[in-house]
Amino acid sequence: MRIDEVIVKPILSEKISALTEKENKVAFVVDKAANKYEIKAAVEKMYGVTVKAVNTMIYQGRVKSRYTKAGVITGRTASFKKAIVTLAKGDSIDFFSNI
């Protein structure tokens, strides 16, 4: 698997922001077939940081429904794999520098 295919997008939420400030961790949505070694290599190459640990989890898609004029519409959310990456002390990733 190529390094540019491993990371899909970063996760920017309040919970992850708190983890970043408190424990120097960042989160990414990654390819389902990627393992921890590939994720570590991709983050180190893309952002120029040192990775101490990688924790992964797979979220299953869930059924959601909503009410409309046409009636009840049901569908599924996509399943995805999430990686929480612990960075070495002194390293950080700034996702908002390009804005």
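The values are calculated or read from the model by the stated rules, or taken from the named source; none is laboratory data. None of these values were measured; they are calculated from a predicted model. Please note: Cβ atoms are built from the backbone with ideal geometry, for glycine as well, and neighbour counts cover all protein chains shown.
Of (1) more than 29 Å from Ser97 (Cα to Cα); (2) under 16 Å from the mean Cα position of the chain (by Cα); (3) of a type in the set (Gly, Ala, Ser), Ala41 satisfies all except one. Which?
Exception for Ala41: condition (1).
If we keep just the residues of region 16-53 that are among the acidic types (Asp, Glu) and not in a loop (DSSP other than H, G, I, E, B), which is farthest from Lys89 (Cα to Cα)? It would help to see each step written out before you state the result.
Of the residues in region 16-53, the ones among the acidic types (Asp, Glu) are 21, 23, 31, 38, 44.
The next check asks that each one be not in a loop (DSSP other than H, G, I, E, B); those that pass are 21, 23, 38, 44.
Working: Glu21: 12, Glu23: 9, Glu38: 21, Glu44: 14 Å.
Going through the qualifying residues, I end up with Glu38.
Looking at region 29-76, which of its residues are hydroxyl-bearing (Ser, Thr, Tyr) and either within 20 Å of Ile11 (Cα to Cα) or in contact with a helix residue (DSSP H, G or I) (Cβ under 6 Å, 6 or more places away or on another chain) (or both)? Working first, answer last.
Going residue by residue through region 29-76, those that are hydroxyl-bearing (Ser, Thr, Tyr) are 37, 47, 50, 56, 59, 65, 67-68, 74.
Selection gives Tyr37, Tyr47, Thr50, Thr56, Tyr59.
Tell me, please, whether a residue that is surrounded by 13 or more Cβ atoms within 10 Å (Cβ to Cβ), modelled with pLDDT of 95 or more and not in a helix (DSSP H, G or I) can be found in region 64-81. Give the derivation first.
Here is the first cut: in region 64-81, the ones surrounded by 13 or more Cβ atoms within 10 Å (Cβ to Cβ) are 80-81.
Remaining after also requiring modelled with pLDDT of 95 or more: 80-81.
Pick out the ones that are also not in a helix (DSSP H, G or I) and you get 80-81.
Yes - at least one qualifying residue is present in region 64-81.
Can you name the number of the only condition in (1) surrounded by 12 or more Cβ atoms within 10 Å (Cβ to Cβ); (2) under 21 Å from Glu5 (Cα atoms); (3) out of contact with any Lys or Arg (no Cβ under 7 Å at 6 or more places or on another chain); (4) not basic (Lys, Arg) that Gln60 fails?
The one condition Gln60 does not meet is (1).
Regarding Glu23, is this residue farther than 20 Å from Ser97 by Cβ, touching a residue at least 60 places away in the same chain (Cβ under 8 Å) and either surrounded by 10 or more Cβ atoms within 10 Å (Cβ to Cβ) or touching a Ser or Thr at 6+ places or on another chain (Cβ under 6 Å) (or both)?
Working: farther than 20 Å from Ser97 by Cβ: yes; touching a residue at least 60 places away in the same chain (Cβ under 8 Å): yes; either surrounded by 10 or more Cβ atoms within 10 Å (Cβ to Cβ) or touching a Ser or Thr at 6+ places or on another chain (Cβ under 6 Å) (or both): yes.
In short, yes.
Quick one: would you say Thr56 is assigned to a strand (DSSP E or B), under 11 Å from the mean Cα position of the chain (by Cα) and free of Cβ contacts under 8 Å to residues at least 40 places away in the same chain? First the steps, then the outcome.
Values: assigned to a strand (DSSP E or B): yes; under 11 Å from the mean Cα position of the chain (by Cα): yes; free of Cβ contacts under 8 Å to residues at least 40 places away in the same chain: yes.
Yes, satisfied.
With (1) outside any helix (DSSP H, G or I); (2) of a type in the set (Gly, Ala, Ser); (3) within 21 Å of Ser97 (Cβ to Cβ) as the list, and Gly61 as the residue in question, which single condition is left unmet?
(3)
Quick grid of which residues meet (1) over 16 Å from Val6 (Cα atoms); (2) in contact with a Lys or Arg (Cβ under 7 Å, 6 or more places away or on another chain):
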| site | (1), (2) |
| --- | --- |
| Val30 | no, yes |
| Ala42 | no, no |
| Tyr67 | yes, no |
| Val72 | yes, no |
| Gly75 | yes, yes |
| Phe80 | no, no |
| Ala83 | no, no |
